[in-house]
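Below: the structure, in structure tokens.
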Amino acid sequence: MPAVDLLRARFLEHFDGEPQFFRAPGRVNLIGEHTDYNDGFVMPAALEFEAQAAAAARPDRVIRIHSLNNGKTAEVDLDGAKPEPRGDWTDYAFGVAVMLEAAGNRLSGADILVSSTVPVGAGLSSSAALEVVVGYALLSLAGREVDTVELAKLCQKAENEFVGMRCGIMDQFISCNGVVDHALMIDCRSLASRPVPIDQRARIVVANSMVHHALADGEYNKRRQSCEEGVRLLRPALGEIRALRDVSFEDLEENRDFLPDLTYRRCRHIVTENERVLQAAEALQNADLDTFGRLMNASHVSMRDDYEISCAEVDSLVDIAQAQKGVFGARMTGGGFGGSVVALVESGAVESFIANVRAAYQDATGHISEIFACAPKNGVGPLTD
Ligand code: GLA
């Protein structure tokens, strides 16, 4: 049965009316990790895993949402007391409603059923997909044109200010603006983006480590603080730098004595990672997959040793992936402390890659990795089939 018919049937179990249908994808980041909140460069692609919504306007200003993933229903009245975060999944949805209204979009009430195939805790942006699909649905029901760059910014704002996670713009941006069969090279300062085609000879393969260490959010915010500290301490020597984006590797090396060693290593990851993304975009554009793969491998070393956001299971999965025949490169993807590994694999070698990595990872850790090859999809939009 087409997705829309299934969603309609489930919608009618909880709500009345004729819904409209929407989708927003999760993402995998090929390279450029933790660079987004440093005004730097990232290169993600939108996945076929996505959040879907069936939504119908209501005559009042109540938003009711039901999740097929956890079976729960929640509601908020936009004309009632100022909505407060509840510390659960609803913050992603209601936080976006709050930010849309604060930005001057008067919303109507809505009944929304959501269902997502993006695995939670896998570093593939399940929360951004939920935010974006709800934001797009609410704007559409209110009869508004959707500017997908503005929507990405407001969803990030919801996550920063309502959920309390100081994430960058990458996840919401790619969920809003992904391009089918392409990765997107994003300048997180100007928000200019450019689709980069994935060469037919290779496939992007994602392997979930199946672990997610709970310290992730606290450590994420600590990494941001180290980057901010680096900028503050380098400013007297380098002048009006705004972010680590403005610091070259030479600048950093010449001024490393101004930085405590830990801060220096955090900054070195960001500065070298930005450089790698620029080189990787050029390599992919020129179909130079060997160079692209080497940059992925170097990115992992930098995340593991300088930024210290990997973990034993992910390192093991990366080592196993890099050792396979037909692999150009592999690295952890996403925020870190577990989650997924992304590899670039020769098209003809994908099947054996998947089978071998799954077996070797199970031997090494006891976890059974979920592994799949991706075909990048478009960003948010109506769901049509
Ligand atoms: C999380 C955040 C993003 C980005 C990545 C790391 O996914 O939401 O903004 O910082 O981590 O690259």
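Which condition number in (1) touching a Leu at 6+ places or on another chain (Cβ under 8 Å); (2) surrounded by fewer than 21 Cβ atoms within 10 Å (Cβ to Cβ); (3) of a type in the set (S, T, Y); (4) within 21 Å of Y307 (Cβ to Cβ) is the one that Y220 fails?
(1)
Kindly provide the set of residues from segment 337-350 that are within 26 Å of the chain's Cα centre (by Cα) and surrounded by fewer than 18 Cβ atoms within 10 Å (Cβ to Cβ), ordered by number.
Selection gives E346, S347.
Test of understanding: among V314, V277, V231, V271, which residue is of a type in the set (V, I, T), touching a residue at least 24 places away in the same chain (Cβ under 8 Å), in a helix (DSSP H, G or I) and in contact with a Leu (Cβ under 7 Å, 6 or more places away or on another chain)?
Of V314, V277, V231, V271, the one residue that is of a type in the set (V, I, T), touching a residue at least 24 places away in the same chain (Cβ under 8 Å), in a helix (DSSP H, G or I) and in contact with a Leu (Cβ under 7 Å, 6 or more places away or on another chain) is V271.
When E101 is evaluated against the numbered criteria (1) in contact with a Phe, Trp or Tyr (Cβ under 7 Å, 6 or more places away or on another chain); (2) surrounded by fewer than 24 Cβ atoms within 10 Å (Cβ to Cβ); (3) assigned to a helix (DSSP H, G or I), which criterion, by number, is the only one it fails?
It is condition (1) that E101 fails.
Against the definition (outside any loop (DSSP other than H, G, I, E, B), out of contact with any Asp or Glu (no Cβ under 6 Å at 6 or more places or on another chain) and surrounded by fewer than 19 Cβ atoms within 10 Å (Cβ to Cβ)), how does L252 come out, yes or no?
So L252 does not fit the description; no.
Scan Q362, Q324 and give me the residue that is farther than 18 Å from A183 by Cβ, assigned to a loop (DSSP other than H, G, I, E, B) and not small (G, A, S).
Q324
Scan segment 279-307 for residues that are within 19 Å of the chain's Cα centre (by Cα) and over 22 Å from F353 (Cβ atoms) and report the count.
2
Among the candidates R224, R189, R235, R194, single out the residue that is closer than 26 Å to I270 by Cβ, at pLDDT 95 or above and within 13 Å of the ligand (Cβ to nearest atom).
Matching residue, one of R224, R189, R235, R194: R224.
Output the number of residues of segment 267-287 satisfying the condition of being over 20 Å from V318 (Cβ atoms), in contact with a helix residue (DSSP H, G or I) (Cβ under 8 Å, 6 or more places away or on another chain) and among the charged types (D, E, K, R).
1
What is the number of the single condition among (1) more than 14 Å from the ligand (Cβ to nearest atom); (2) touching a residue at least 24 places away in the same chain (Cβ under 8 Å); (3) assigned to a helix (DSSP H, G or I); (4) in contact with a Lys or Arg (Cβ under 9 Å, 6 or more places away or on another chain) that S299 does not meet?
Answer for S299: the failing condition is (1).
Identify, from the list E145, E101, E150, E131, the residue that is modelled with pLDDT under 95 and out of contact with any strand residue (DSSP E or B) (no Cβ under 6 Å at 6 or more places or on another chain).
Testing whether each residue is modelled with pLDDT under 95 and out of contact with any strand residue (DSSP E or B) (no Cβ under 6 Å at 6 or more places or on another chain) leaves just E145.
Got a sec? Which of A3, A51, A56, A9 is in contact with an Asp or Glu (Cβ under 6 Å, 6 or more places away or on another chain) and either more than 14 Å from the ligand (Cβ to nearest atom) or more than 25 Å from A373 (Cα to Cα) (or both)?
A56
Does S369 satisfy the criteria of being of a type in the set (G, A, S), more than 17 Å from the chain's Cα centre (by Cα), buried (at least 18 other Cβ atoms within 10 Å of the Cβ) and farther than 19 Å from A207 by Cβ? I'd like the intermediate steps shown before the answer.
Details: of a type in the set (G, A, S): yes; more than 17 Å from the chain's Cα centre (by Cα): yes; buried (at least 18 other Cβ atoms within 10 Å of the Cβ): yes; farther than 19 Å from A207 by Cβ: no.
Considered against the rule, which asks whether it is of a type in the set (G, A, S), more than 17 Å from the chain's Cα centre (by Cα), buried (at least 18 other Cβ atoms within 10 Å of the Cβ) and farther than 19 Å from A207 by Cβ, S369 comes out as no.
Consider S127 carefully, then state whether it is within 14 Å of the ligand (Cβ to nearest atom) and either closer than 30 Å to S310 by Cβ or of a type in the set (G, A, S) (or both).
Judged against the criteria, S127 is a match.
Of the residues in segment 42-54, how many are crowded, with 24+ Cβ neighbours inside 10 Å, more than 10 Å from R23 (Cβ to Cβ) and of a type in the set (A, V, I, L, M, F, W, C)?
The total comes to 6.
Just checking, which of V118, V149 is of a type in the set (A, V, I, L, M), within 14 Å of the ligand (Cβ to nearest atom) and surrounded by fewer than 24 Cβ atoms within 10 Å (Cβ to Cβ)? I'd like the intermediate steps shown before the answer.
Working: V149 fails: within 14 Å of the ligand (Cβ to nearest atom).
Selected residue: V118, the only one of V118, V149 that is of a type in the set (A, V, I, L, M), within 14 Å of the ligand (Cβ to nearest atom) and surrounded by fewer than 24 Cβ atoms within 10 Å (Cβ to Cβ).
The values are calculated or read from the model by the stated rules, or taken from the named source; none is laboratory data. On a predicted model such as this, the values are computed, not experimentally measured, just so you know. Heads up, the Cβs are rebuilt from the backbone with ideal geometry, glycines too, and the neighbour counts pull from every protein chain shown.
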